[in-house]
1. Quick check: anything in the range 179-187 in contact with a helix residue (DSSP H, G or I) (Cβ under 6 Å, 6 or more places away or on another chain), under 21 Å from THR46 (Cβ atoms) and touching a residue at least 12 places away in the same chain (Cβ under 8 Å)?
2. Look through the range 178-199, keep the residues that are polar (S, T, N, Q) and closer than 14 Å to PHE145 by Cα, and return whichever of them is modelled with the lowest pLDDT.
3. Considering (1) among the charged types (D, E, K, R); (2) in a strand (DSSP E or B); (3) under 18 Å from SER47 (Cβ atoms), say which one GLU104 fails and leave the rest.
4. Identify the residue in the range 33-79 that is within 30 Å of GLY179 (Cβ to Cβ) and part of a loop (DSSP other than H, G, I, E, B) and, among all such residues, is nearest to the chain's Cα centre (by Cα).
5. Among the candidates GLY74, GLY60, GLY53, which residue alone is closer than 19 Å to VAL167 by Cβ and buried (at least 17 other Cβ atoms within 10 Å of the Cβ)?
6. Regarding ILE175, is this residue in contact with a helix residue (DSSP H, G or I) (Cβ under 6 Å, 6 or more places away or on another chain), modelled with pLDDT of 95 or more and under 19 Å from SER47 (Cα atoms)?
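The values are calculated or read from the model by the stated rules, or taken from the named source; none is laboratory data. The model shown is predicted, which means the values in this text are computed figures rather than measured ones. In this analysis, Cβ positions are derived from the backbone assuming ideal geometry, glycine residues included, and neighbour counts consider all displayed protein chains.
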Amino acid sequence: MKLLSKFLIVVVLTCLLAGPAFARDEVLISEQIDHGGFGGPSFKVTSLNGKTGVLTGGYGGWYINHTFMIGGGGYGLANEVKAPVTDTDGDLYYNLGYGGLMFEYVNNSHKLIHFTINTLIGAGGIGYREGNWRPDPEYASDLFFVFEPTINLELNVASCFRVGLGVSYRYIDGIQLVGTTDEELSGIAANLNFKFGAF
C-alpha cells in the first residue's frame, strides 16, 4: 500500500512540474485565429469555341484571419451557345457545368480597394442539348478536369458586402466529346463577383 502511495505522489508531482513546460511548446500559429465566412453569386463572360458564353454560379467558404479562404464553387452555362454538331432536328447547343474546391488569398482585406487571388480545382461535365434544354440522345456527355486561377480587384461596399471584378483562365483537360476539344473550351473569362458575409 505504501508503495502505491509513493507511486501516485511521484506521478502527481511529475504532471505538476511538466504542465508549465507544455505551455511553452513552439507552434506554427500562436496568435488567436479570426474566423468568418462568405458566399455569393458570380458571373463569367468567356469564349466557348469562338462564341460568347455566360456562366453563372458562385463560390464561398471559411474565411481565416481576414486573409485566406477555403471553400467551394460552381458554374453553369446560362445562355445558348451553338455546338459544332447538329442532329436530324437541327442545331444543338452546349450543356456545360463545372465546380470544385476553391482557395483564395485576400491582400489587405481592410483596405477600401484591394486584390484577391483564387483558384478553382475540380471537375465538370459537358454534353449537347436540343433547343428545349433536353440532352441530345445521339451524343453521350463527357467529364473533364478543370483548373481556373483568377485575379480580382475588390471593393468593400459595406462591412458585410463586397464586389469584385477580375480575369480568370479556365484550363480544361480530358474532353472526348465528338466535335469538341479541350482547347475550344479553355480560355480567358471576365468575372463579376458579389460577396456577402463576415469578413
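1. Keep residues of the range 179-187 that are in contact with a helix residue (DSSP H, G or I) (Cβ under 6 Å, 6 or more places away or on another chain), which gives none.
Scanning the range 179-187 turns up no residue that is in contact with a helix residue (DSSP H, G or I) (Cβ under 6 Å, 6 or more places away or on another chain), under 21 Å from THR46 (Cβ atoms) and touching a residue at least 12 places away in the same chain (Cβ under 8 Å).
2. Our first condition is that a residue be polar (S, T, N, Q); within the range 178-199, this holds for 180-181, 186, 191, 193.
Filter once more, keeping what is closer than 14 Å to PHE145 by Cα: 181, 186.
Values: THR181: 95, SER186: 98.
Among those residues, the one meeting the criterion is THR181.
3. (3)
4. Looking at residues that are within 30 Å of GLY179 (Cβ to Cβ) and part of a loop (DSSP other than H, G, I, E, B), I get ALA78.
5. On the way: GLY74 fails: closer than 19 Å to VAL167 by Cβ; GLY60 fails: closer than 19 Å to VAL167 by Cβ.
Matching residue, one of GLY74, GLY60, GLY53: GLY53.
6. Numbers: in contact with a helix residue (DSSP H, G or I) (Cβ under 6 Å, 6 or more places away or on another chain): yes; modelled with pLDDT of 95 or more: yes; under 19 Å from SER47 (Cα atoms): yes.
When the stated conditions are applied, ILE175 passes them.
Condition check ((1) in contact with a Phe, Trp or Tyr (Cβ under 7 Å, 6 or more places away or on another chain); (2) acidic (Asp, Glu); (3) over 17 Å from GLY197 (Cα atoms)) across all residues:
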| residue | (1), (2), (3) |
| --- | --- |
| PRO41 | yes, no, no |
| LYS44 | yes, no, yes |
| ASN49 | no, no, yes |
| PHE68 | yes, no, no |
| LEU92 | yes, no, yes |
| LEU101 | no, no, yes |
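For (1) within 27 Å of VAL85 (Cβ to Cβ); (2) over 15 Å from the mean Cα position of the chain (by Cα); (3) exposed (fewer than 14 other Cβ atoms within 10 Å of the Cβ), each residue gets a yes or a no:
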position	(1), (2), (3)
SER159	no, yes, yes
GLY166	no, no, no
GLU183	yes, yes, yes
PHE199	no, yes, no
